[in-house]
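For reference, the structure is listed below as structure tokens.
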Amino acid sequence: MFLSVFDMFKVGIGPSSSHTMGPMVAAARFLDMMRASPFEFAGLRGSLHGSLAFTGVGHATDRATILGLAGFVPDTYDNDKAEAALAAIAETHKVTPEGLPTLTFNPKTDLVFDYDHNLPGHANGMILMATDAQGDVILRQVFYSIGGGFVLTEEELAAGKATDEGAPVPFPFKSAVEMLEMAKSSGKSIAEMKRANEIARGCADSFAKGSARLWQVMNDCIERGLTTDGILPGGLSVRRRAKGIYDALMAERGMNLTAPHTINDWMSVYAMAVNEENAAGGQVVTAPTNGAAGVLPAVLRYYLDHVPGASESHIEDFLLTAAAIGGLVKFNASISGAEAGCQAEVGSASAMAAAGLCAVMGGTPEQVENAAEIALEHHLGMTCDPVAGLVQVPCIERNGLGAIKAVSAASLALRGDGQHFVPLDAVIETMRQTGHDMHEKYKETSLGGLAVNVPNC
């Protein structure tokens with residue numbers, strides 16, 4: 001099993017990796033299918049199903065799909081160009097993706113939110129269709145956005161397509177037990193094994209540049225969030241809080257009477273800054289999803305700014321270790337809130353961040369596995385219940401608490417010798433089973449939990 005760091009951490013846009021980035025990626029793939037087809041196309045249609053329908057407006061799923069069909073992709077997204085394109089499409093009812101003829105597409109009538117028909121493969125399903133001059137469908141594809149910006153076609157999902165389709169890697173662990181066995185026999189750390197796998201699929205230079213860019217985008221996102229105030233879009237009138245908290249923390253720096261627990265506020269404000277940017281549709285890095293994008297950058301920023309002896313030279317090891325744990329969770333359970341609740345998003349992010357922090361603070365592979373286990377175990381059962389379908393309440397604060405749990409988990413693991421009662425593999429399997437048994441209304445539909453018990457006005 002191999003899942004690259006650059007699969008787990010992808011540069012994209014808010015507010016959701018599965019509801020915003022995924023549909024945009026699916027639309028881009030559909031355009032590629034059209035370009036490879038011998039048919040002559042004249043128009044486009046689409047339908048959103050399951051969770052994509054129920055919380056699609058709040059997650060900007062319609063907007064992302066429209067822009068994707070116009071040729072936009074998350075990694076190179078430009079908001080000014082996107083706004084201009086949306087205005088033109090609304091006026092002309094046409095899109096002009098590169099390499100294809102001008103296509104008719106009226107978002108109000110040609111993109112349907114289907115609340116009544118769930119698709120069988122996954123809670124996040126969508127259908128994209130291309131038509132001929134008479135309006136008949138001549139190309140149709142079902143896509144599933146399976147979390148973290150990953151997209152599979154109906155056929156790929158049915159075939160059980162693995163993400164590992166390249167050359168063999170030296171350390172192909174697919175469970176935590178295998179990971180620890182390989183670390184022991186090789187004498188390598190988890191980061192060293194993961195780096196060897198990455199290099200086997202690419203080159204050291206491109207990996208170094210790519211990982212540096214990931215942290216740069218993460219940190220830039222934190223900085224924007226710490227210096228921007230105002231009201232978040234979406235209609236709930238949620239006020240940005242990160243700037244105010246950060247300003248207060250900066251004013252208190254150096255005061256002898258500051259309580260020790262104030263460090264929790266620093267962890268929280270870094271995470272909240274990211275998720276406020278995400279809620280505003282800004283550029284973020286999936287870690288492993290947009291809804292949980294603040295946890296890992298917050299813990300890494302905490303390490304760099306607040307831990308004595310911290311070094312930027314350890315950033316790669318942090319990301320490599322976190323990606324290794326995230327890959328195990330995704331391969332053996334889920335990172336999708338629509339599939340397994342928020343335990344699969346913030347819980348997974350917290351486990352990844354805990355593992356990364358433990359590693360760069362000198363933890364053994366056994367201690368790293370223990371840190372991930374502690375963090376994930378104490379998110380089990382967490383529902384995904386966004387108020388009004390927006391990635392704001394409770395998501396923004398939840399990332400802050402996920403970061404605090406990650407640091408606590410790493411610290412507890414470092415106080416031990418790596419031996420512990422509950423193995424990480426058991427917690428990952430428990431998370432999968434819990435997600436399977438969880439009622440659908442608690443899985444990113446806004447039909448249960450806080451979403452129905454908090455007034456949306």
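The values are calculated or read from the model by the stated rules, or taken from the named source; none is laboratory data. Bear in mind the structure is a predicted one, so any value in this text is a computation, not a measurement. Virtual Cβ from ideal backbone geometry, glycine too; neighbours counted across all protein chains shown. Surface areas here come from the heavy atoms of the whole protein model, side chains and all, with no ligands, DNA or RNA. Shrake-Rupley method; radii C 1.70, N 1.55, O 1.52, S 1.80 Å.
Restrict the check to the stretch 44-66 and report whether at least one residue is open to solvent by 70 Å² or more (accessible area, probe 1.4 Å), assigned to a helix (DSSP H, G or I) and more than 22 Å from residue 22 (Cβ to Cβ). Scanning the stretch 44-66, I find no residue that is open to solvent by 70 Å² or more (accessible area, probe 1.4 Å), assigned to a helix (DSSP H, G or I) and more than 22 Å from residue 22 (Cβ to Cβ), so the answer is no.
Of everything in the stretch 422-457 that is of a type in the set (S, T, N, Q), part of a loop (DSSP other than H, G, I, E, B) and open to solvent by 20 Å² or more (accessible area, probe 1.4 Å), the residue that is nearest to residue 378 (Cα to Cα) is 446.
Residue selection: residue 417 satisfies the criterion of being charged (D, E, K, R), outside any helix (DSSP H, G or I), under 25 Å from residue 180 (Cβ atoms) and modelled with pLDDT of 95 or more. Only one of the listed residues (366, 316) is surrounded by fewer than 24 Cβ atoms within 10 Å (Cβ to Cβ), touching a residue at least 60 places away in the same chain (Cβ under 8 Å) and either over 24 Å from residue 6 (Cβ atoms) or of a type in the set (Lys, Arg) (or both). That residue is 366.
Contact map, the stretch 280-305: residues that are of a type in the set (Phe, Trp, Tyr) paired with residues that are modelled with pLDDT of 95 or more and open to solvent by 20 Å² or more (accessible area, probe 1.4 Å), Cβ distance under 6 Å, separation 6+ or inter-chain. Pairs shown: 303/310. Can you find a residue that is surrounded by fewer than 24 Cβ atoms within 10 Å (Cβ to Cβ), more than 17 Å from residue 336 (Cα to Cα), free of Cβ contacts under 8 Å to residues at least 60 places away in the same chain and among the β-branched types (Val, Ile, Thr) anywhere in the stretch 73-81? For the stretch 73-81, residues surrounded by fewer than 24 Cβ atoms within 10 Å (Cβ to Cβ), more than 17 Å from residue 336 (Cα to Cα), free of Cβ contacts under 8 Å to residues at least 60 places away in the same chain and among the β-branched types (Val, Ile, Thr): present. Considering only residues that are at pLDDT 95 or above and open to solvent by 30 Å² or more (accessible area, probe 1.4 Å), which ones fall in the stretch 281-309? Matches in the stretch 281-309: 302, 304, 305, 306, 308, 309. For the residues 140, 29, the requirement of being charged (D, E, K, R), assigned to a strand (DSSP E or B) and either in contact with a Pro (Cβ under 7 Å, 6 or more places away or on another chain) or open to solvent by 70 Å² or more (accessible area, probe 1.4 Å) (or both) singles out 140.
The residue that is most open to solvent (accessible area, probe 1.4 Å), counting only those in the stretch 82-108 that are assigned to a helix (DSSP H, G or I) and of a type outside the set (Gly, Ala, Ser), is 108.
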